[in-house]
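Step one of this worksheet: look at the structure below.
The values are calculated or read from the model by the stated rules, or taken from the named source; none is laboratory data. Owing to the predicted nature of the structure, the values given are computational and were not obtained by experimental measurement. A quick note on method: Cβ atoms are made from the backbone with ideal geometry, for glycine too, and the neighbour counts reach across all protein chains shown. The area values use the complete protein model at the heavy-atom level, side chains included, leaving out ligands, DNA and RNA. Shrake-Rupley method; radii C 1.70, N 1.55, O 1.52, S 1.80 Å.
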Amino acid sequence: MTILNILSFPDPRLRTNAKTVKTINSDYKTLTTDMLETMYAAEGIGLAATQVNIHERVVVMDLSEDRNQPMIFINPEIIEKRGQAEGSEGCLSVPGQQAMVERSEWVKCRYQDLDGETHELETEGLLAICIQHELDHLQGKLFVDYLSKLKRDRIRKKLAKK
Ligand code: NI
């Protein structure tokens with residue numbers, strides 16, 4: 001297993017639009033294992049491939065308290081969404097910073113697993129928010145983009161001091 005380097009805001013590579021995975025081969029088993037290890041090491045709950053400078057539609061998550069329920073999403077897309085929910089968000093690419101972001105309350109997500117099987121997941125709460133946050137990464141979008149320019153600049157300055 002390899003711990004991958006996580007890009008930090010405002011790195012322009014975080015703005016890349018990820019490509020669809022065409023053939024799900026064993027490389028993706030290795031990639032998602034490394035991404036999960038990287039996410040656990042950084043104490044995050046979700047990580048998109050974009051954040052480790054790999055621009056393909058791959059996301060990993062683990063929302064469990066014991067950190068033993070890894071979830072892997074290949075080619076995820078949100079096909080339906082409903083309602084509104086506001087929650088505090090953070091991001092491994094925006095270390096130490098949190099802000100309130102408004103999202104859909106409920107989402108239906110379609111994705112593939114490592115065997116190439118297609119699944120649909122209907123969910124709300126933290127998992128729904130996390131899915132929306134990670135899928136944004138695949139489109140080069142960060143949670144700070146939902147904030148005012150003033151707040152975003154403040155975060156940029158704080159991170160530049162580190
Ligand atoms: Ni993030």
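Residue count for segment 126-149 under the criterion of being away from the ligand (no atom under 12 Å from the Cβ) and either free of Cβ contacts under 8 Å to residues at least 12 places away in the same chain or part of a strand (DSSP E or B) (or both): the result is 2.
Tell me, yes or no, whether segment 147-160 has at least one residue that is surrounded by 15 or more Cβ atoms within 10 Å (Cβ to Cβ) and closer than 18 Å to Ala18 by Cβ. No - not one qualifying residue is present in segment 147-160.
If only residues of segment 14-23 that are open to solvent by less than 40 Å² (accessible area, probe 1.4 Å) and not in a helix (DSSP H, G or I) are counted, the one that is farthest from the ligand (Cβ to nearest atom) is Val21. Of the strands (runs of 3 or more DSSP E) lying entirely inside segment 27-106, those containing at least 2 residues that are surrounded by 20 or more Cβ atoms within 10 Å (Cβ to Cβ) and away from the ligand (no atom under 13 Å from the Cβ) span 71-82. Within segment 43-58, residues that are hydrophobic (A, V, I, L, M, F, W, C) reach partners that are within 11 Å of the ligand (Cβ to nearest atom) and assigned to a strand (DSSP E or B) with beta carbons closer than 8 Å, at six or more positions or on different chains, in the pairs Ile45/Met61; Leu47/Val59; Leu47/Met61; Ala48/Val59; Ala49/Val59; Val58/Ala48.
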